[in-house]
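Everything below concerns the one structure shown next.
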Amino acid sequence: MDYESFQRSVSKRIKQLRLDKKLSQEELTGLDMGVRVYQRIESGDGAPSLQSLFKIAKALGVHPKELLNVPIPEDKPKKAK
């Protein structure tokens, strides 16, 4: 897995957790973070800092590790030529 794939997976995880809690982006951003910053994180256009991950986890009522709990597929072995 490359970094971009991991970032997209984390972004999808954050969005899914928010939707599971039936929260809008605006409701969640009462967490000392601008709504545009949050939207960039959730869409995968911006990588969250550790501080942002902590704030998002707190607003969602989950441990920060839950935001990073995404499947990491194994890289496919390269075929010998």
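Computed from the coordinates I sent, log10 I(q)/I(0) by the Debye sum over Cα atoms at q = 0.13, 0.19, 0.27 Å⁻¹ equals one of [x] -0.59, -0.81, -1.10; [y] -0.54, -0.81, -1.32; [z] -0.40, -0.76, -1.46. Tell me the label.
Identified label for the calculated read-out: [z].
Give the residue from Gln39, Tyr3, Leu50 lying farthest towards the positive end of the charge dipole for the chain; charges sit on Cβ (+1 for Lys and Arg, -1 for Asp and Glu) and the dipole is referred to the Cα centre.
Farthest towards the positive pole: Tyr3.
Do any trypsin sites (Lys or Arg not before Pro) in segment 16-61 lie in a DSSP loop with no more than 11 other beta carbon atoms within 10 Å, and if so, which?
Passing both the DSSP loop test and the Cβ count: Lys22.
Relative to the longest principal axis of the C-alpha atoms of the chain, give the angle of the C-alpha long axis of helix 3-20, reported between 0 and 90° and rounded to the nearest 10°.
Between helix and principal axis, roughly 40 degrees.
Assigning unit charges at the beta carbon (Lys, Arg +1; Asp, Glu -1) and nothing else, what dipole magnitude in debye, to the nearest 20, does the chain show about its Cα centre?
Here the size comes out at about 300 debye.
What is the spin-label model distance, in nm, from Asp32 to His63 if the labels are put 7 Å beyond Cα along the C-beta direction?
So the two model labels end up 2.2 nm from each other.
Okay, helix-only estimate at 222 nm for the chain: each DSSP H run of n ≥ 4 adds -39500 (n - 2.57), divide by all residues, round to 500 deg cm²/dmol; what do you get?
The per-residue figure over the chain is -16000 deg cm²/dmol.
Values in this text are rule-based calculations from the coordinates and carry no lab data. Computed from a prediction, not measured in an experiment: that's the story for all the values here. Cβ sites come from the backbone with ideal geometry, for glycine too, and all protein chains shown count toward neighbours.
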